[in-house]
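None of the figures in this text is laboratory data; all of them are computed from the coordinates on show. Please read all numbers here as calculations on a predicted model, not as lab measurements. Please note: Cβ atoms are built from the backbone with ideal geometry, for glycine as well, and neighbour counts cover all protein chains shown.
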Amino acid sequence: MKLSDIAKLVDGEIVGEGNVDIRQVAKIEEARPGDITFLANLKYKKYVVTTLASAVLVSKELPLQEFAQRRKALSFVVVPDPYRSFLRLIDTFQPAPAGAGLKGIHPSAVIAPSALVDADAAIGAFVAIGEGCRIGPGAAIHEGTVIGEGAEVGEDSLLYPNVSVREGCRIGSRVVIHSGTVIGSDGFGFAPKPDGTYEKIPQRGIVVIEDDVEIGANCTIDRATIGETHIGKGVKLDNLIQIGHNVVISENTVIAAQSGVSGSTKVGKNCSLGGQVGLTGHIQIAEQTKIGAQSGVGKSITEPGKTYFGYPAREVRETLRIEAALARLPALLGQVRELTNRVQELEKSLRPRKIRKK
Amino acid sequence: MKLSDIAKLVDGEIVGEGNVDIRQVAKIEEARPGDITFLANLKYKKYVVTTLASAVLVSKELPLQEFAQRRKALSFVVVPDPYRSFLRLIDTFQPAPAGAGLKGIHPSAVIAPSALVDADAAIGAFVAIGEGCRIGPGAAIHEGTVIGEGAEVGEDSLLYPNVSVREGCRIGSRVVIHSGTVIGSDGFGFAPKPDGTYEKIPQRGIVVIEDDVEIGANCTIDRATIGETHIGKGVKLDNLIQIGHNVVISENTVIAAQSGVSGSTKVGKNCSLGGQVGLTGHIQIAEQTKIGAQSGVGKSITEPGKTYFGYPAREVRETLRIEAALARLPALLGQVRELTNRVQELEKSLRPRKIRKK
Amino acid sequence: MKLSDIAKLVDGEIVGEGNVDIRQVAKIEEARPGDITFLANLKYKKYVVTTLASAVLVSKELPLQEFAQRRKALSFVVVPDPYRSFLRLIDTFQPAPAGAGLKGIHPSAVIAPSALVDADAAIGAFVAIGEGCRIGPGAAIHEGTVIGEGAEVGEDSLLYPNVSVREGCRIGSRVVIHSGTVIGSDGFGFAPKPDGTYEKIPQRGIVVIEDDVEIGANCTIDRATIGETHIGKGVKLDNLIQIGHNVVISENTVIAAQSGVSGSTKVGKNCSLGGQVGLTGHIQIAEQTKIGAQSGVGKSITEPGKTYFGYPAREVRETLRIEAALARLPALLGQVRELTNRVQELEKSLRPRKIRKK
């Protein structure tokens, strides 16, 4: 691939020779002729002098004139974010194998007679696929994953090892689900009985996961009581996330690791939640809301586009003001005590005078 | 089933014809003649006019006179909570299949020669059952689940796919364990050595799970160091919960998702913990204690029946008072500053006068 | 084993007969002649009178003179911590079987032709080992565990059932990984696009786990974007822990359950983190830092050996001072209100006088 083509791909500007052939990506200290590399941190600019690479992605912060004499052997591509451009080139030069490399149907897989597995799907060792399942073309179901009766996995979706999908759940196209995640476990619903024990409320709904969703490792997404728990198109969930029954996560919302959304809560589109956030049940979060890590949200957020933070979550400026004030609270106690003494002194010094004046 | 029998079952009062035959449950907009449905939210009462159902569960808030002309085709059953009554009818008309539908012993299962699997138990594909295990009648062990040496699973218990039960653990009757959960992993015990490394403390106890317990997906319940980690009868655990070694959770306690109980802590009967709660190790929680979501409990709670909340957890009224006060803290700082100025002014205005008096 | 040898092993002092033969460990109420037991809590000292054991580990707090008449049948070993010494003896008398008892290669295991599995490794039922993997001597890979292409597991390492190791990850020697844990899932990296959707950033690095690490159940350790996520020698992780991409956990650091470390953060040597702690991304934690349970750390900690606590985390004394102050905050609001009134009264009582003085 010509460097000039790469420059177009990453929307960069060439300083040097655009006609050079690039065959591979590499780290700056390991690169060889024919490789393209990147310099994200100016702290490491010494490597620009020594690298054997043919080209390097740099930001406009790099004083290129310092390296003028290197330009015979080395071309530069100036981009806004060298690291991100480099990551994009990884996918160009080392494309991820389809289905994470899984091919064919492993003879050990147990596929129910009535399951419809596309001829172009890949099924790993020790995969169990229940009656009436549908597995789309290009889908890859890795080792040890279990797909319950009547569940569906769409085109080009990728389920890593040891995922559990319970009966009837529907997974769209180009969905990625990482290892250990459980889709469609029973929602947590128990009705208290007078004797202190609990009666299980049947959980007969399903989970629907729209297209282009990615779900991290060891998440749990509970099936609805009735109806569906819904994960919208393009949603991205990190690891160890809990999604309760009948929750709706709307499209393009991203949630960081170890967060939990309680039953029947609806999170709007394009929201972002930090790690270890908790949302209580039966609330609504307006679209484009941002919620800081470890926050606890106990009531609906109705105005879109705001940033919340804290436990309990408040608008971020308010939480920061409270936090700053908190640091001064111990001193404040002392100040108020001192002030009380001074007022008492003032009161004393006034009272006698008044008496004298009588 | 006659509607009059259903009315008895859900403890409701019939308005209309009790002799009508009911064959199925359905959502109000999808119901057909012979179905019973429900109306939980008065917002949707227009469906009462159009539904094809033969009967509808309603609350006494519904003004039945508005629908008087519908009573030829439609009967009503007035109940305190139509949704809950409907859920109960789901179980009546669509009973969950025993063992979540698993039947027989799958030929791929690996069952150790000395394991005793009841003839009436169901064992899924890729299940491994170790030496000396006992699996009771009616138990269902789903695909990919692993039962370690000498472990026991009681009558009618249901283990979903990809559960791991380690050696020697004892699971009672009618227990439900959701996918990905780990029973009997080693407790977290390491003794520091002078050189900064750690020596593993052997974890040779077990986990005992009493009857009628339900444990959500991807939980971890550690085995005891010696003795047992104990989950009492009727306990209900949500997903992603951590139970440390030698913990005792007493009967009928419920814990919401992502909470953690540290080693050797004892939680009393009939407690309820919200999501993402943390309990420190070696404490005791009195029975019937309620702990709000995301709370952190660092010391024993000795008086039963109280509600705690916050980080650190305090009695809920106290936490709410502090939280309310916190919102006013930034303003308070300003008030105290202003007050200090005013006191200073007062002091100035008094001091000179005193001098003049000399 | 002679009691005198045991005394040397636990660094204890014998009171009684050192020449007695000890054959087993047991709890004090179940012990029989030939057994050694322990008394950790003086509350149970009555058992010293009735036990059938031949020896008992005690602390110097036990008034041995009270049991002088028992010394014919019973010898004492005085140690600083009887419980810990007892745990050590468990390992002496009931050594854990190598590989947690797993032996040989189960015929159901699927091992890729190019994988190198040492003749002395043990591979359980339904284990899948990918192309190019290397499994060292003495390693034990339990039922349902999946090892991705090119991954390595070192000598004497122990992977419990249903672990998932993704392609290319490297696990050292004497590493223990508990059930359900996922090593090498994709890091959580998505670049926002102008239309509100996200583009996946390729995650092509690996996870490297050094020797003598122990990782609890249902943890998730993400692979690096490029390069490696690194778990240093001797690190101990509890259950349900999230380690983000490109994180470094340095040697001998211990982390309690349900904590999370966000991407690219570096935790120094010999740190200890409590449960449910969250560290933000791209920060550094100095060595020997201690962080209390449920703390949230949002910026680097540069000075080694300090203790932090709280949300947001502050040095522990400061957090405790703030917490103590917080309990007094509601009262403070009242005090300031009252003080304001008193100052107003003072101002009133002064102002008129001033006027009069004119």
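Things worth noting here:
- Whether chain C is rounded, prolate or oblate, judged on the alpha carbon gyration tensor where a/c under 1.5 counts as rounded: oblate
- Selection of trypsin sites (Lys or Arg not before Pro), segment A:19-88, meeting DSSP coil and at most 14 other Cβ within 10 Å: A:Arg23, A:Lys60
- Its Cα centre serving as origin, segment B:43-130 has a Cβ charge dipole (Lys and Arg +1, Asp and Glu -1) of approximately 720 debye.
- Near C:Lys200, once Lys and Arg are set to +1 and Asp and Glu to -1 for all other residues with Cβ below 12 Å from its Cβ, the sum equals 0.
- Among A:Ser250, A:Thr37, C:Leu3 - extreme Cα towards positive end, dipole of the protein assembly as shown, charges at beta-carbon: A:Ser250
- Entry note, chain B: relative contact order of 6 percent, from Cα contacts under 8 Å with a spacing of 6+ residues.
- Given charges at beta-carbon only (K, R positive; D, E negative), |dipole| of segment A:3-93 in Debye: 260
- Under 19 Å from the A:Arg337 label point (7 Å along Cα→beta-carbon), backbone N, segment C:318-342: C:318-340
- Residue exposure proxy: A:Val117, B:Val153, ordered by other Cβ atoms within 10 angstrom of their Cβ from fewest to most, comes out as A:Val117, B:Val153.
- Note on chain C: with a GNM built from Cα contacts shorter than 10 Å, the maximum mean-square fluctuation among C:Arg223, C:Arg321, C:Arg134 falls on C:Arg321.
- Over 20 Å apart at the Cα level, from the set A:Lys306/C:Lys299; B:Lys200/B:Lys236; C:Lys2/C:Lys60; B:Lys266/B:Lys306, are A:Lys306/C:Lys299; B:Lys200/B:Lys236; C:Lys2/C:Lys60.
- Relative exposure of B:Asp186, A:Asp5, A:Asp118, judged by other C-beta atoms within 10 Å (fewest first): A:Asp5, A:Asp118, B:Asp186
- Counting neighbouring Cβ atoms within 10 Å and putting the fewest first, the residues A:Asp238, B:Asp91 line up as B:Asp91, A:Asp238.
- Summarising the label geometry, the points placed 7 Å from Cα in the beta-carbon direction at C:Asp118 and B:Lys299 lie 5.1 nm from one another.
- Of the residues A:Val316, A:Val247, A:Val343, the one that moves most in a GNM of chain A with alpha-carbon contacts below 10 Å is A:Val343.
- Think of each Lys and Arg Cβ as +1 and each Asp and Glu Cβ as -1; about the Cα centre, that makes the dipole of chain B roughly 3020 debye.
- Charge sum, other residues only, whose C-beta stays under 15 Å from C:Asp156's C-beta, Lys/Arg counted +1 and Asp/Glu -1: -3
- Of every Cα-Cα pair in the protein assembly as shown, the percent that sits beyond 46 Å: 40
- Between segment B:240-315 and segment B:138-152, the Cα center-to-center distance that results, in Å: 29
- Nitroxide proxy distance, nm - points 7 Å out along Cα→Cβ at A:Leu64 and C:Asp5: 7.7
- Shape call, segment A:156-285: gyration tensor on alpha carbons, a/c limit 1.5: prolate
- Rounded D (µm²/s) - segment C:202-358, Kirkwood Rh over Cα pairs, Stokes-Einstein at 37 °C, 0.692 mPa s: 182
- Counting all C-alpha pairs of segment B:3-93, share separated by more than 17 Å (%): 37
- Positive-end residue, chain A charge dipole about Cα centroid, Cβ charges, pick of A:Ser349, A:Tyr198, A:Ser272: A:Ser349
- Length-normalised contact order of segment C:246-358 in % [C-alpha pairs under 8 Å, at least 6 apart]: 15
- Antiparallel %, DSSP beta bridges [both residues in the protein assembly as shown], to 5: 10
- Most mobile of B:Thr280, B:Thr319, B:Thr37 in a GNM of chain B (Cα contacts under 10 Å): B:Thr37
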